[in-house]
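Read through the structure below, which is laid out as C-alpha coordinates, and then see the notes.
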Amino acid sequence: MKSDNPKHAAPFDAAARQAIQPVICYPSDSLVQPNLNGLKALRETARKSAEVTAAPRDAACIDVPAGAFFRIVSVEGSQVGDLNLWNTHNLSERFYSGKTRALHGTHLSTGDRMWSSFPFLRPMATIVDDTLDWYGFDAFGGSVHDVIGTRCDPYTGRLLSGQDYHYCCHSNLTRALAQHRELHLHEAEMLVHDVLNVFMCTGFTQETGQYFMKASPVRPGDYLEFYAEIDLTVGLSACPGGDCSSEHSSDTAACYPLLIEVYDPGDEARSAHVQPAVSAYDQTHGTR
(Lines give C-alpha, C1' and ligand atoms only; values in the text may rest on other atoms or scores of the structure.)
Protein backbone atom coordinates (compact mmCIF):
# COMPACT_ATOMS: atom_id res chain seq x y z
CA MET A 1 0.00 0.00 0.00
CA LYS A 2 1.30 3.42 -0.93
CA SER A 3 1.95 6.01 1.77
CA ASP A 4 -0.48 8.90 2.26
CA ASN A 5 2.42 11.29 2.77
CA PRO A 6 2.65 13.93 0.05
CA LYS A 7 5.41 13.55 -2.52
CA HIS A 8 8.36 15.86 -2.55
CA ALA A 9 8.37 18.49 -5.26
CA ALA A 10 10.26 17.43 -8.38
CA PRO A 11 13.67 19.08 -8.84
CA PHE A 12 14.26 21.36 -11.83
CA ASP A 13 16.12 18.60 -13.68
CA ALA A 14 13.62 15.81 -12.95
CA ALA A 15 12.79 15.18 -16.61
CA ALA A 16 16.46 14.92 -17.52
CA ARG A 17 17.11 12.43 -14.72
CA GLN A 18 14.16 10.30 -15.77
CA ALA A 19 15.21 10.37 -19.42
CA ILE A 20 18.58 8.72 -18.75
CA GLN A 21 18.81 5.53 -20.81
CA PRO A 22 18.86 2.25 -18.85
CA VAL A 23 21.81 -0.14 -18.87
CA ILE A 24 21.41 -3.92 -18.70
CA CYS A 25 22.79 -5.07 -15.35
CA TYR A 26 24.06 -8.45 -16.50
CA PRO A 27 24.79 -8.51 -20.24
CA SER A 28 24.45 -12.17 -21.18
CA ASP A 29 26.09 -12.09 -24.62
CA SER A 30 29.09 -14.01 -23.29
CA LEU A 31 27.01 -16.96 -22.06
CA VAL A 32 27.44 -20.19 -23.97
CA GLN A 33 24.20 -20.71 -25.87
CA PRO A 34 22.49 -24.10 -25.86
CA ASN A 35 22.51 -26.09 -29.07
CA LEU A 36 18.74 -26.21 -29.45
CA ASN A 37 18.84 -27.89 -32.87
CA GLY A 38 21.05 -30.63 -31.46
CA LEU A 39 18.82 -31.05 -28.43
CA LYS A 40 15.75 -31.20 -30.66
CA ALA A 41 17.34 -33.98 -32.69
CA LEU A 42 18.31 -35.82 -29.52
CA ARG A 43 14.78 -35.45 -28.17
CA GLU A 44 13.41 -37.32 -31.18
CA THR A 45 15.39 -40.39 -30.07
CA ALA A 46 14.18 -40.24 -26.45
CA ARG A 47 11.55 -42.55 -25.06
CA LYS A 48 9.32 -42.04 -22.06
CA SER A 49 10.90 -43.72 -19.04
CA ALA A 50 9.04 -42.40 -15.98
CA GLU A 51 6.28 -40.10 -14.84
CA VAL A 52 4.73 -38.71 -11.69
CA THR A 53 1.57 -36.69 -11.06
CA ALA A 54 1.33 -33.70 -8.75
CA ALA A 55 -2.23 -33.90 -7.44
CA PRO A 56 -4.28 -30.71 -7.00
CA ARG A 57 -3.06 -28.72 -3.96
CA ASP A 58 -0.19 -31.19 -3.57
CA ALA A 59 3.30 -31.78 -4.94
CA ALA A 60 5.47 -34.60 -6.23
CA CYS A 61 9.16 -35.22 -6.84
CA ILE A 62 10.98 -37.27 -9.44
CA ASP A 63 14.64 -37.86 -10.30
CA VAL A 64 15.89 -37.03 -13.79
CA PRO A 65 19.38 -38.09 -14.91
CA ALA A 66 21.72 -35.67 -16.64
CA GLY A 67 21.25 -35.85 -20.40
CA ALA A 68 17.56 -36.76 -20.20
CA PHE A 69 14.48 -34.60 -20.77
CA PHE A 70 11.53 -33.85 -18.53
CA ARG A 71 8.21 -32.30 -19.45
CA ILE A 72 5.56 -30.59 -17.31
CA VAL A 73 2.13 -31.17 -18.83
CA SER A 74 -1.32 -29.69 -18.28
CA VAL A 75 -3.60 -32.72 -18.31
CA GLU A 76 -7.11 -31.82 -17.14
CA GLY A 77 -7.63 -28.09 -16.78
CA SER A 78 -5.95 -24.70 -16.58
CA GLN A 79 -3.45 -25.07 -13.74
CA VAL A 80 -0.19 -23.41 -12.72
CA GLY A 81 2.71 -25.12 -10.98
CA ASP A 82 5.63 -24.14 -8.76
CA LEU A 83 8.88 -25.81 -9.80
CA ASN A 84 11.94 -26.51 -7.63
CA LEU A 85 15.15 -28.17 -8.82
CA TRP A 86 17.93 -29.73 -6.75
CA ASN A 87 21.20 -31.47 -7.56
CA THR A 88 20.32 -35.09 -6.76
CA HIS A 89 23.72 -35.68 -5.15
CA ASN A 90 23.93 -32.41 -3.23
CA LEU A 91 20.61 -30.82 -2.31
CA SER A 92 22.33 -27.61 -1.25
CA GLU A 93 22.83 -26.89 -4.97
CA ARG A 94 19.39 -25.72 -6.00
CA PHE A 95 17.64 -23.46 -8.48
CA TYR A 96 18.41 -19.74 -8.03
CA SER A 97 15.42 -17.82 -9.37
CA GLY A 98 16.90 -14.36 -8.71
CA LYS A 99 20.09 -14.92 -10.69
CA THR A 100 18.15 -16.69 -13.44
CA ARG A 101 15.95 -13.60 -13.65
CA ALA A 102 19.01 -11.34 -13.79
CA LEU A 103 20.49 -13.36 -16.66
CA HIS A 104 17.38 -14.13 -18.72
CA GLY A 105 14.63 -11.73 -17.67
CA THR A 106 11.40 -11.93 -15.72
CA HIS A 107 9.83 -14.78 -17.70
CA LEU A 108 11.49 -17.83 -19.23
CA SER A 109 10.93 -19.71 -22.46
CA THR A 110 12.76 -21.81 -25.05
CA GLY A 111 16.55 -21.43 -24.90
CA ASP A 112 16.62 -20.00 -21.38
CA ARG A 113 18.34 -21.86 -18.57
CA MET A 114 17.66 -22.43 -14.90
CA TRP A 115 20.80 -21.58 -12.94
CA SER A 116 21.93 -23.00 -9.60
CA SER A 117 22.70 -21.26 -6.33
CA PHE A 118 26.07 -19.99 -5.12
CA PRO A 119 28.80 -21.12 -5.00
CA PHE A 120 27.94 -23.39 -7.93
CA LEU A 121 26.22 -21.06 -10.45
CA ARG A 122 25.84 -23.36 -13.44
CA PRO A 123 22.96 -24.39 -15.68
CA MET A 124 20.78 -27.04 -14.07
CA ALA A 125 18.24 -27.33 -16.90
CA THR A 126 17.64 -25.81 -20.32
CA ILE A 127 14.16 -25.09 -21.65
CA VAL A 128 13.90 -26.83 -25.02
CA ASP A 129 10.20 -26.47 -25.87
CA ASP A 130 7.29 -24.31 -24.74
CA THR A 131 3.81 -24.56 -26.24
CA LEU A 132 2.94 -21.16 -24.73
CA ASP A 133 5.81 -19.28 -26.37
CA TRP A 134 3.22 -17.60 -28.63
CA TYR A 135 1.86 -15.61 -25.67
CA GLY A 136 4.74 -13.15 -25.39
CA PHE A 137 3.83 -10.06 -23.33
CA ASP A 138 0.21 -8.91 -23.30
CA ALA A 139 -1.21 -5.38 -23.07
CA PHE A 140 -1.00 -5.50 -19.26
CA GLY A 141 2.68 -6.45 -19.30
CA GLY A 142 1.86 -10.03 -18.37
CA SER A 143 3.67 -13.13 -19.57
CA VAL A 144 4.03 -16.80 -18.57
CA HIS A 145 6.61 -18.87 -16.66
CA ASP A 146 7.89 -16.19 -14.30
CA VAL A 147 10.88 -15.98 -11.98
CA ILE A 148 9.64 -12.87 -10.19
CA GLY A 149 7.13 -14.28 -7.71
CA THR A 150 7.86 -16.47 -4.71
CA ARG A 151 6.04 -19.71 -3.98
CA CYS A 152 2.84 -19.19 -1.97
CA ASP A 153 3.58 -20.04 1.65
CA PRO A 154 1.89 -20.45 5.05
CA TYR A 155 3.93 -17.71 6.72
CA THR A 156 2.77 -14.89 4.45
CA GLY A 157 -0.73 -16.34 4.60
CA ARG A 158 -0.67 -16.21 8.38
CA LEU A 159 0.72 -12.66 8.29
CA LEU A 160 -1.99 -11.34 5.99
CA SER A 161 -5.03 -13.36 7.07
CA GLY A 162 -4.28 -14.58 10.56
CA GLN A 163 -5.14 -18.12 9.44
CA ASP A 164 -3.08 -21.25 8.85
CA TYR A 165 -3.24 -22.90 5.42
CA HIS A 166 -1.20 -26.07 4.87
CA TYR A 167 -1.62 -26.79 1.14
CA CYS A 168 0.25 -23.83 -0.34
CA CYS A 169 3.18 -24.52 -2.65
CA HIS A 170 5.87 -24.09 0.02
CA SER A 171 4.25 -26.69 2.25
CA ASN A 172 3.41 -28.97 -0.68
CA LEU A 173 7.05 -28.98 -1.83
CA THR A 174 8.27 -29.50 1.73
CA ARG A 175 6.12 -32.59 2.19
CA ALA A 176 7.03 -33.98 -1.24
CA LEU A 177 10.78 -33.54 -0.80
CA ALA A 178 10.69 -34.96 2.72
CA GLN A 179 8.92 -38.07 1.48
CA HIS A 180 11.01 -38.45 -1.69
CA ARG A 181 14.36 -38.18 0.09
CA GLU A 182 13.30 -39.53 3.51
CA LEU A 183 14.14 -36.27 5.26
CA HIS A 184 12.81 -34.78 8.45
CA LEU A 185 10.13 -32.21 7.61
CA HIS A 186 12.19 -29.30 8.99
CA GLU A 187 15.29 -30.42 7.04
CA ALA A 188 13.26 -30.57 3.83
CA GLU A 189 11.71 -27.15 4.44
CA MET A 190 15.15 -25.56 4.68
CA LEU A 191 15.85 -26.82 1.15
CA VAL A 192 12.66 -25.53 -0.49
CA HIS A 193 13.37 -22.36 -2.46
CA ASP A 194 11.86 -19.77 -4.78
CA VAL A 195 10.40 -21.24 -7.90
CA LEU A 196 9.83 -21.10 -11.60
CA ASN A 197 6.10 -20.38 -11.77
CA VAL A 198 5.23 -22.73 -14.60
CA PHE A 199 2.22 -21.68 -16.73
CA MET A 200 1.48 -18.74 -14.39
CA CYS A 201 0.69 -15.42 -16.12
CA THR A 202 2.15 -12.51 -14.18
CA GLY A 203 3.67 -9.06 -14.39
CA PHE A 204 3.96 -5.72 -12.60
CA THR A 205 1.36 -2.96 -12.67
CA GLN A 206 2.61 0.19 -14.34
CA GLU A 207 0.95 2.49 -11.82
CA THR A 208 2.16 0.96 -8.54
CA GLY A 209 4.72 -1.65 -9.57
CA GLN A 210 2.76 -4.37 -7.77
CA TYR A 211 3.14 -8.01 -8.72
CA PHE A 212 -0.04 -9.23 -10.41
CA MET A 213 -1.42 -12.51 -11.66
CA LYS A 214 -4.15 -13.23 -14.16
CA ALA A 215 -5.87 -16.27 -15.60
CA SER A 216 -3.29 -18.59 -17.12
CA PRO A 217 -3.57 -19.24 -20.86
CA VAL A 218 -2.54 -22.89 -20.35
CA ARG A 219 -4.89 -25.57 -21.61
CA PRO A 220 -4.80 -29.39 -21.42
CA GLY A 221 -2.04 -30.65 -23.70
CA ASP A 222 0.21 -27.62 -23.22
CA TYR A 223 3.67 -28.34 -21.83
CA LEU A 224 7.03 -26.89 -20.88
CA GLU A 225 9.98 -29.17 -21.59
CA PHE A 226 13.52 -29.16 -20.20
CA TYR A 227 16.87 -30.84 -20.77
CA ALA A 228 18.58 -31.92 -17.54
CA GLU A 229 22.13 -30.53 -17.54
CA ILE A 230 22.99 -32.30 -14.25
CA ASP A 231 21.39 -35.11 -12.26
CA LEU A 232 18.22 -33.51 -10.93
CA THR A 233 15.59 -34.02 -8.31
CA VAL A 234 12.55 -32.20 -9.68
CA GLY A 235 9.77 -31.01 -7.37
CA LEU A 236 6.46 -29.61 -8.65
CA SER A 237 3.47 -28.26 -6.73
CA ALA A 238 0.04 -27.95 -8.34
CA CYS A 239 -0.75 -24.52 -6.89
CA PRO A 240 -3.92 -24.14 -4.78
CA GLY A 241 -4.70 -21.08 -6.88
CA GLY A 242 -5.60 -23.24 -9.90
CA ASP A 243 -5.20 -20.95 -12.91
CA CYS A 244 -4.48 -18.01 -10.54
CA SER A 245 -7.29 -15.90 -11.96
CA SER A 246 -8.53 -14.81 -8.53
CA GLU A 247 -6.51 -15.94 -5.50
CA HIS A 248 -4.12 -18.55 -4.24
CA SER A 249 -3.51 -20.35 -0.92
CA SER A 250 -7.16 -21.28 -0.48
CA ASP A 251 -9.61 -24.08 -1.18
CA THR A 252 -11.93 -21.99 -3.36
CA ALA A 253 -10.20 -22.17 -6.76
CA ALA A 254 -10.76 -25.02 -9.20
CA CYS A 255 -7.51 -27.02 -9.23
CA TYR A 256 -6.20 -29.76 -11.49
CA PRO A 257 -3.24 -32.17 -11.51
CA LEU A 258 0.01 -31.59 -13.36
CA LEU A 259 2.08 -34.36 -14.91
CA ILE A 260 5.88 -34.67 -15.05
CA GLU A 261 7.15 -37.00 -17.75
CA VAL A 262 10.78 -38.11 -18.17
CA TYR A 263 12.14 -38.91 -21.63
CA ASP A 264 15.43 -40.83 -21.85
CA PRO A 265 17.56 -40.79 -25.02
CA GLY A 266 19.47 -43.85 -23.78
CA ASP A 267 22.63 -44.70 -21.88
CA GLU A 268 24.98 -43.87 -24.74
CA ALA A 269 23.51 -40.41 -25.33
CA ARG A 270 23.46 -39.59 -21.64
CA SER A 271 27.05 -40.76 -21.23
CA ALA A 272 28.11 -38.41 -24.03
CA HIS A 273 26.56 -35.44 -22.25
CA VAL A 274 29.12 -33.13 -20.62
CA GLN A 275 27.75 -31.65 -17.41
CA PRO A 276 28.42 -27.95 -16.89
CA ALA A 277 31.27 -27.15 -14.53
CA VAL A 278 30.59 -25.29 -11.32
CA SER A 279 31.76 -21.68 -11.05
CA ALA A 280 35.53 -21.25 -11.32
CA TYR A 281 35.55 -18.45 -8.74
CA ASP A 282 38.17 -19.27 -6.05
CA GLN A 283 35.86 -18.34 -3.14
CA THR A 284 38.58 -16.41 -1.28
CA HIS A 285 36.43 -13.25 -1.25
CA GLY A 286 39.44 -10.94 -1.19
CA THR A 287 41.18 -12.57 1.77
CA ARG A 288 44.35 -13.46 -0.14
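The values are calculated or read from the model by the stated rules, or taken from the named source; none is laboratory data. Values in this document were obtained by computation on a predicted structure and should not be read as measured data. Virtual Cβ from ideal backbone geometry, glycine too; neighbours counted across all protein chains shown. Areas reflect the complete protein model, heavy atoms only, side chains present, ligands, DNA and RNA absent. Shrake-Rupley method; radii C 1.70, N 1.55, O 1.52, S 1.80 Å.
When both residues are 6+ apart or on different chains and their Cβ atoms are under 7 Å apart, which pairs have a first residue that lies in segment 140-161 and is at positive phi, and a second that is part of a strand (DSSP E or B) and surrounded by fewer than 18 Cβ atoms within 10 Å (Cβ to Cβ)?
Going by the 7 Å Cβ cut-off, the qualifying pairs are 141/204.
Under the condition of being assigned to a strand (DSSP E or B) and among the small types (Gly, Ala, Ser), which residue from segment 116-139 is nearest to residue 63 (Cα to Cα)?
That would be 125.
Out of all the residues in segment 270-282, which are out of contact with any Gly (no Cβ under 6 Å at 6 or more places or on another chain) and open to solvent by less than 60 Å² (accessible area, probe 1.4 Å)?
Scanning segment 270-282 gives 276, 279.
Please return the ranges of strands (runs of 3 or more DSSP E) entirely within segment 22-94 where 2 or more residues are touching a helix residue (DSSP H, G or I) at 6+ places or on another chain (Cβ under 8 Å) and either within 19 Å of residue 116 (Cα to Cα) or open to solvent by less than 20 Å² (accessible area, probe 1.4 Å) (or both).
Here the list reads 59-64, 81-87.
Can you pull out every residue in segment 222-263 that is open to solvent by 50 Å² or more (accessible area, probe 1.4 Å) and either of a type in the set (Ser, Thr, Tyr) or within 13 Å of residue 79 (Cα to Cα) (or both)?
The answer is 245, 246, 247, 248, 252, 254, 256.
State all residues of segment 140-156 that are assigned to a loop (DSSP other than H, G, I, E, B) and open to solvent by less than 50 Å² (accessible area, probe 1.4 Å); if no residue qualifies, say none.
Answer for segment 140-156, where residues must be assigned to a loop (DSSP other than H, G, I, E, B) and open to solvent by less than 50 Å² (accessible area, probe 1.4 Å): 141, 142, 147, 148, 149, 151, 152, 153.
When the residues of segment 149-200 are filtered to those that are closer than 16 Å to residue 86 by Cβ and polar (S, T, N, Q), which remaining residue is farthest from the chain's Cα centre (by Cα)?
Ranking the candidates gives 179 first.
Listed residues 175, 94; which is out of contact with any strand residue (DSSP E or B) (no Cβ under 6 Å at 6 or more places or on another chain), farther than 21 Å from residue 243 by Cβ, modelled with pLDDT of 95 or more and not β-branched (Val, Ile, Thr)?
175 is the lone residue from the list that is out of contact with any strand residue (DSSP E or B) (no Cβ under 6 Å at 6 or more places or on another chain), farther than 21 Å from residue 243 by Cβ, modelled with pLDDT of 95 or more and not β-branched (Val, Ile, Thr).
Which of the strands (runs of 3 or more DSSP E) contained wholly in segment 162-254 include at least 1 residues that are touching a Ser or Thr at 6+ places or on another chain (Cβ under 9 Å) and either among the polar types (S, T, N, Q) or without any contact (Cβ under 8 Å) to a residue 24 or more places away in the chain (or both)?
Filter on segment 162-254 gives 196-204, 232-238.
Taking only segment 180-213 into account, find how many residues are of a type outside the set (A, V, I, L, M, F, W, C), open to solvent by less than 100 Å² (accessible area, probe 1.4 Å), out of contact with any Gly (no Cβ under 7 Å at 6 or more places or on another chain) and more than 25 Å from residue 75 (Cα to Cα).
Adding up the residues that qualify gives 7.
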